[in-house]
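The values are calculated or read from the model by the stated rules, or taken from the named source; none is laboratory data. In this text the structure is predicted, and so the values were computed from the model without any measurement. No Cβ is skipped: glycine too gets one built from the backbone with ideal geometry, and neighbour counts run over all protein chains shown.
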Amino acid sequence: MIGIIGGTGFYSVDLFGKAETITVETEYGHVQMFKGKLKDRDILFLPRHGVEHGRLAFEINHHANMMAFKRMGVNRVIATVAAGGINPKYKSGDLVLLDQFIDFHSYHTTYGKLSLDMTEPYCSELRDIFIKVAEDLDYHMYPTGTYVSFDGPRYETAAEIRAFKILGADMVGMTNAREAALARELGICYSAVAIITNMAAGLSEDEPDLETHRSVVKENNEKLQNLLCKVALEIPEKRSCRCQELYDRAVAARSK
């Protein structure tokens, strides 16, 4: 079973046939998800902010979300995120495959049980599949990008963006570092593609706002859906990455 997380503006469940609404209970809370199919693949779809963007970034229960995937037997999760561009080469609507993050969250991004190697925070196998599928579809997608993750729900100041740029961030958002870190702690392979919805504070005359994010994602929804669905269908049954090895190593170290 493959998990798919839809970010801002990516809420559609009709991609997965007659999707069934299910509720998964975890020790961190309950999670509403949609269970459906892509051809012969079982899919669990989770709109990160809810189907009508009812949850702001800081209200998302990432611990429950990722644990719900684990409880349902999911060991691969692919996701979309909306982000503000910091790298000057980006423009609105660009796709960027994340390969690194910088975590500026002030609240904890851990289950508090394992110390995981996060040198490469995103699954290498899933990233390779994203790159291959984007090439097959003739979609322009930057193959690497560093995402700085920030609490929200306010947008960043121009000074914060200047600081993030000095640190090497290519884009800014409010959710992804938490998801990636928690997935690794559960031994789940995780990869995410960002869509640049605006240039970050102080880098453009346009002011960041939620409606802009939604409209840019809506304009590119077909492309995002094609990419995510084709990636899901290309994921092999057996993993060839190091995600499980890193998880097992952390478990072994903790038990000594």
Open item on the list: Could you check the range 235-253 and list, in sequence order, the residues that are surrounded by 13 or more Cβ atoms within 10 Å (Cβ to Cβ) and among the polar types (S, T, N, Q)?
Closed with: 244
Open item on the list: Within the range 31-42, does at least one residue satisfy the condition of being touching a residue at least 24 places away in the same chain (Cβ under 8 Å) and out of contact with any strand residue (DSSP E or B) (no Cβ under 9 Å at 6 or more places or on another chain)?
Closed with: yes
- [ ] Could you check how many residues of the range 112-149 are free of Cβ contacts under 8 Å to residues at least 12 places away in the same chain and either acidic (Asp, Glu) or touching a Ser or Thr at 6+ places or on another chain (Cβ under 9 Å) (or both)?
- [x] 3
Task: Breaking point among (1) over 15 Å from the mean Cα position of the chain (by Cα); (2) within 30 Å of residue 202 (Cα to Cα); (3) surrounded by fewer than 23 Cβ atoms within 10 Å (Cβ to Cβ), for residue 27 - done: (2)
Open item on the list: Exactly one of these conditions fails for residue 1: (1) at pLDDT below 90; (2) farther than 27 Å from residue 219 by Cβ; (3) of a type in the set (A, V, I, L, M, F, W, C). Give me its number.
Closed with: (1)
TODO: Return yes or no: is residue 160 in contact (Cβ under 8 Å) with a residue 40 or more places away in the chain, over 20 Å from residue 65 (Cα atoms) and of a type in the set (Asp, Glu)?
DONE: yes
Open item on the list: Need the failing condition index for residue 213 against (1) more than 13 Å from residue 104 (Cβ to Cβ); (2) surrounded by fewer than 20 Cβ atoms within 10 Å (Cβ to Cβ), just the number.
Closed with: (2)
Task: Which listed residue, of 162, 154, is on the phi < 0 side of the Ramachandran plot and modelled with pLDDT under 95 - done: 154
Task: Filtered residue count, the range 23-39, keeping only those that are out of contact with any His (no Cβ under 9 Å at 6 or more places or on another chain) and small (Gly, Ala, Ser) - done: 1
TODO: Scan the range 26-40 for residues that are closer than 29 Å to residue 212 by Cβ and assigned to a loop (DSSP other than H, G, I, E, B) and report the count.
DONE: 0
Open item on the list: So, in the range 210-251, how many residues would count as being within 21 Å of residue 158 (Cα to Cα) and either touching a Phe, Trp or Tyr at 6+ places or on another chain (Cβ under 6 Å) or without any contact (Cβ under 8 Å) to a residue 12 or more places away in the chain (or both)?
Closed with: 1
Task: Members of the range 178-218 found to be outside any strand (DSSP E or B), within 18 Å of the chain's Cα centre (by Cα) and under 12 Å from residue 83 (Cβ atoms), listed by number - done: 213, 216, 217
TODO: Could you check how many residues of the range 109-156 are more than 17 Å from the chain's Cα centre (by Cα), within 19 Å of residue 241 (Cα to Cα) and crowded, with 16+ Cβ neighbours inside 10 Å?
DONE: 2
Open item on the list: Out of the residues in the range 140-177 meeting the condition of being of a type in the set (D, E, K, R) and in a helix (DSSP H, G or I), tell me which one is farthest from residue 88 (Cα to Cα).
Closed with: 160
